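Working notes, structure below.
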Amino acid sequence: MNNNNLLKKGRRMGDLKYMILSVISVLTFLLIWQLLVIFGVLSTRTIAAPTQVLVTFFEKFYSTAPDGATIFTNIAVSLKVSLTGFFSAIIIGTPLGMLMGWYKPLDRFIRPLFEIIRPIPPIAWIPLTILWVGIGLGAKAMIIFFSAFVPCVINSYTGIKLTSQVHVSVAKTFGASNFKIFRTVGVPSSMPMAFAGIRIALGNSWGTLVAAELLAANAGLGYMIMMGRQFVRPDVIILGMLTIGILGFIFTWIFTKIENVVVRWRTL
Amino acid sequence: MSMEQKAGTRLIVKDVSKTFYQKKIEPHHVVDKVSLEVKDNEFLVLLGPGHCGKTVLLNIVSGLMPPDEGSVYLDGEKITKPNPKIGMVFQKLGLMPWKTVIENVEIGPKLSGINVKTRRERAEYFIDLVGLKGFENSYPHQLSGGMKQRVGIARAYTNDPEILIMDEPFGQLDAQTRYNMQNEISRISEHEKRTIIFVTNNIEEALYLGDRIILFTECPARVKEIYDIDLKRPRDMIDPEFLRLRKMISNNTDLAL
Amino acid sequence: MKKTAAYDQKRRPIKKILNSLLPFVSITCLFLLWFYASNINPDLVPSPASTWERLIQLFVKPVNKMNLFGHVWASLQRVFIALACATVLGVTVGVMIGWSKTFKAIFGTLFELIRPIPPIAWLPIIIMWFGIGEFPKILIVFIGTFMPIVVNTYTGIRLVMPLHLDVARMFNASNRQLLFEVAIPSALPPIFAGIRNATSSGWMTVLAAEMIASKAGLGFLITRGMDYFDVPLILVGMLAIGIVGALLAIITEFIERLLCPWNKKLEQD
């Protein structure tokens, strides 16, 4: 018994060791980066030191240079665009996928159209969308919609196709109507897959947002880094990249929490 | 040589205990002071209910897991890590899905660096013996449950172990296949004499196969009783003596097995 | 029971015919809509005929000295080079951080910190560092393909069944053998899935890179269409992008089937 306790203690010590190692590795990375800039190995015209990025971060609280907006305005603009596209894709895509998976005629009607759209990456829609809709919120939201729509449809479609026939038969023996079975058996059982699709959609929409803003915008985080390049402000570029990364990370984290609540029976 | 042993004894398990901790605090005793001896070339059956303790005991005997207390000796040497003299047929098989039947069977000699020609020959011999000729190049997922179990048996034999441990090998098969496989293992073990430690929770299976049966208690696993089975082979499941033994063992167990 | 079955069968043919017609109906609807829209505003929505004409023209009068195939090849080349480098490096890194806790502590954390940044967000700084030549574009696509390969390889190695490792240990396998005989082969299906994801992600990234800074490739072609208000050219480009993208998906899946014949999941799909 003693032996086992010791083992457990040893393992915890090991975990701690690896944690310290990770922290050291990240700090070393930052330090080398800082030193390379300080000693002029890397030019400040092409890269900014970590401390400089931090300073710029606080400056951007009120400063609007070089892109004409503070960092919060940029974040707000980007969020508005991406969330609009993302949520409209969920609201339209997920139910559509489920209905297609359940009702054969609908599947046969929509599937060909969907298969035509599917292989075209959302970014390829940018020129057409700009010409059709302009470069406002609607255009970018539409591009993000394309990027999030496809995984939402595919996954909820696959999810509902995988509904256990036993569950369906059980519901049938209780005399439930087809729509009722769809609602009470099909939809819940496809939830884990649907959520997996929404998770992909989330990543896609955030990645596509940047592309949309690089190409066609007058505000937003993507626009900010594009302007950073034009005005040779590597600090602004890196700040923008980090902000995009951190926000993406936070979204995924929040989403995982929601997913765990909604489909907590999944692992049972 | 750290342990004296009687003539004909291969393996000695001495006072082995193992405890796991559930949720980090609750102690869960799975093996409690188990001592037993395995004789050379015998078919020893470990019979016990449920899924408690026996697999852990086997993992300790095979050297995959260290005991908390006690030791296991093979020919007088203490076991601390897996030993090529001991082979194992796993309950859940563990066939590698990316290897074909013959690649699975020859994995033992391959890992010990034996050349292709020799190991192929040996693998083919045992594939033939377990009745899988013609399936050498199939993948495991193309085989039925009983056939997969045969691959697992051939794999263990191909490494040429002196002691073979079989952990409830037929637990996941349907009744008919299970019955066939019992016949098969009986035939194979007659053909290729080895010391076999066979774990099961089925009394008929134990009586049908074993030279000796060690009956375990439920959780934690302790040795409850040892039976020498002198029935002649091949055994007959409706022989009066067989039925008498069956009744005797069944009366001695806590649960209906 | 039998009676209803027979009844069902009698009723079925009409339904079946209707069902099999539906895909054609939907495609026809799409074309009708296209014709209708192009009638209303031919500048914004060119008719199928003028799109076809533009396609032919692309061969007669190449854009930037390259016909359609030239541009397709320019894009593909970038993806292939990046994908090859990303596969070699990504699998190596993924195996290392999946197998060794020390490597995971050192590189895994850094990787996790960089990963949430979408590959396209690297574009401005990479252009700043390396200009707009061929190398920066390949580098961007490399970032886009490297990430999914590392993630999938890592997950695959972590998900190796402990039972398989035990089996090999039972046969006295060394640590090296455990890695090369058990862990890596069992991770092959997820690794290939990663390569498949990487291919589609790379295809998308290359377009983005070409749209922002390039003189060749399909991404350049559609931006050129936008700049010159040449909508038929955009449509031709999008069609080519879709077709090549679909072909890439089919080819990677075919290679995957060929190399992982035991992978049941693919067989069932």
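Kindly check whether there is at least one residue in region A:109-122 that is within 30 Å of A:Leu242 (Cα to Cα) and touching a Ser or Thr at 6+ places or on another chain (Cβ under 6 Å). Within region A:109-122, one or more residues are within 30 Å of A:Leu242 (Cα to Cα) and touching a Ser or Thr at 6+ places or on another chain (Cβ under 6 Å).
When only residues in region A:229-247 that are in a helix (DSSP H, G or I) and modelled with pLDDT under 90 count, which is surrounded by the fewest Cβ atoms within 10 Å (Cβ to Cβ)? Ranking the qualifying residues of region A:229-247, first place goes to A:Gln230.
Which of the residues belonging to region A:100-114 are surrounded by 18 or more Cβ atoms within 10 Å (Cβ to Cβ) and more than 9 Å from chain C (Cβ to nearest Cβ)? Correct list: A:Met100, A:Gly101, A:Trp102, A:Phe114. Counted as qualifying within region C:101-199 are the helices (runs of 4 or more DSSP H) with 1 or more residues that are surrounded by fewer than 21 Cβ atoms within 10 Å (Cβ to Cβ), at the interface with another protein chain (Cβ under 9 Å from one of its Cβ atoms) and polar (S, T, N, Q), namely C:109-114.
Selection of first residues in region C:227-247 that are more than 8 Å from chain A (Cβ to nearest Cβ) and over 14 Å from A:Pro121 (Cα atoms) and of second residues that are surrounded by 17 or more Cβ atoms within 10 Å (Cβ to Cβ) and of a type in the set (Lys, Arg), restricted to Cβ pairs under 8 Å at least 6 apart or on distinct chains, gives the following pairs, ordered by first then second residue: C:Asp230/C:Arg54; C:Asp230/C:Arg224; C:Pro232/C:Arg54; C:Leu233/C:Arg54; C:Leu233/C:Arg224; C:Val236/C:Arg54. Within region B:34-49, the residues that satisfy the criterion of being in contact with a Lys or Arg (Cβ under 7 Å, 6 or more places away or on another chain) and of a type outside the set (A, V, I, L, M) are B:Ser35, B:Lys39, B:Asp40, B:Asn41, B:Glu42, B:Gly48.
Return yes or no: is A:Thr28 within 10 Å of another protein chain (Cβ to nearest Cβ), modelled with pLDDT under 85, more than 27 Å from the chain's Cα centre (by Cα) and surrounded by 11 or more Cβ atoms within 10 Å (Cβ to Cβ)? Here the answer is no, as A:Thr28 does not meet what is asked. Checking each residue in region A:201-218 for being more than 9 Å from every other protein chain (Cβ to nearest Cβ) and over 8 Å from the mean Cα position of the chain (by Cα) picks out A:Ala212, A:Glu213, A:Ala216, A:Ala217, A:Asn218. For region B:165-176, the condition holds for no residue, the condition being that it is polar (S, T, N, Q) and farther than 19 Å from B:Gln91 by Cα. Here region B:124-144 is the region considered, the condition is being within 13 Å of chain C (Cβ to nearest Cβ) and buried (at least 19 other Cβ atoms within 10 Å of the Cβ), and the residue that is nearest to C:Leu259 (Cα to Cα) is B:Tyr139. Each residue in region B:169-190 was checked for being within 18 Å of B:Ile203 (Cβ to Cβ) and within 14 Å of chain C (Cβ to nearest Cβ), and 1 pass. Of the numbered criteria (1) more than 19 Å from the chain's Cα centre (by Cα); (2) outside any loop (DSSP other than H, G, I, E, B); (3) facing chain C (nearest Cβ under 9 Å); (4) over 21 Å from B:Asp160 (Cβ atoms), the one B:Pro97 fails is (2). Which ones in region A:222-246 are more than 8 Å from chain C (Cβ to nearest Cβ) and either more than 16 Å from A:Gln52 (Cα to Cα) or not aliphatic (A, V, I, L, M) (or both)? Matches in region A:222-246: A:Tyr223, A:Met224, A:Met227, A:Gln230, A:Phe231, A:Arg233, A:Asp235, A:Thr243. Residues in region A:67-86: is at least one of a type outside the set (Phe, Trp, Tyr), assigned by TED's automatic domain parsing to the domain that holds A:Thr252 and closer than 30 Å to A:Val185 by Cβ? Looking through region A:67-86, none of the residues is of a type outside the set (Phe, Trp, Tyr), assigned by TED's automatic domain parsing to the domain that holds A:Thr252 and closer than 30 Å to A:Val185 by Cβ.
Go through region A:115-200 and tell me which helices (runs of 4 or more DSSP H), entirely inside it, have 2 or more residues that are more than 14 Å from chain C (Cβ to nearest Cβ) and over 27 Å from C:Pro116 (Cα atoms).
A:165-173, A:178-181
Which residue is farthest from C:Val141 (Cα to Cα), if the candidates are limited to region C:206-230 and must be surrounded by fewer than 24 Cβ atoms within 10 Å (Cβ to Cβ) and aliphatic (A, V, I, L, M)? The selected residue is C:Met226. Report yes if A:Ala196 is assigned by TED's automatic domain parsing to the domain that holds A:Ile75 and touching a residue at least 60 places away in the same chain (Cβ under 8 Å), otherwise no. Considered against the rule, which asks whether it is assigned by TED's automatic domain parsing to the domain that holds A:Ile75 and touching a residue at least 60 places away in the same chain (Cβ under 8 Å), A:Ala196 comes out as no.
B:Tyr179 - would you say it is assigned to a helix (DSSP H, G or I), surrounded by 15 or more Cβ atoms within 10 Å (Cβ to Cβ) and free of Cβ contacts under 8 Å to residues at least 24 places away in the same chain?
In short, yes.
Here B:His51 meets the list (1) away from chain C (no Cβ under 14 Å); (2) at pLDDT 85 or above; (3) within 30 Å of B:Asn251 (Cα to Cα) almost entirely, failing just condition (2). Inside region B:41-70, can you point out the residues that are touching a strand residue (DSSP E or B) at 6+ places or on another chain (Cβ under 8 Å) and small (Gly, Ala, Ser)? Selection gives B:Gly48, B:Gly53, B:Ser62, B:Gly63, B:Gly70. Is it true that C:Ala213 is more than 10 Å from chain A (Cβ to nearest Cβ) and either small (Gly, Ala, Ser) or farther than 27 Å from C:Ile132 by Cβ (or both)? For C:Ala213, the condition - more than 10 Å from chain A (Cβ to nearest Cβ) and either small (Gly, Ala, Ser) or farther than 27 Å from C:Ile132 by Cβ (or both) - is met.
Quick grid of which residues meet (1) over 15 Å from the mean Cα position of the chain (by Cα); (2) more than 29 Å from A:Gly248 (Cβ to Cβ):
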| site | (1), (2) |
| --- | --- |
| A:Ile71 | yes, no |
| A:Val77 | yes, no |
| A:Val81 | no, no |
| A:Thr84 | no, no |
| A:Ser88 | no, no |
| A:Gly93 | yes, no |
| A:Leu106 | yes, yes |
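Pairs please, first residue from region A:107-118 and in the same structural domain as A:Val153 (by TED's automatic domain parsing), second anywhere and modelled with pLDDT of 90 or more, Cβ atoms under 6 Å, 6+ apart in sequence or on different chains. Filtered contacts from region A:107-118: A:Asp107/A:Met100; A:Ile110/A:Met100; A:Arg118/A:Val150.
The values are calculated or read from the model by the stated rules, or taken from the named source; none is laboratory data. Quick caveat: nothing in here was measured; it's all calculated off a predicted structure. Note that each Cβ is placed from the backbone with ideal geometry, even for glycine, and that neighbours are counted across all protein chains shown.
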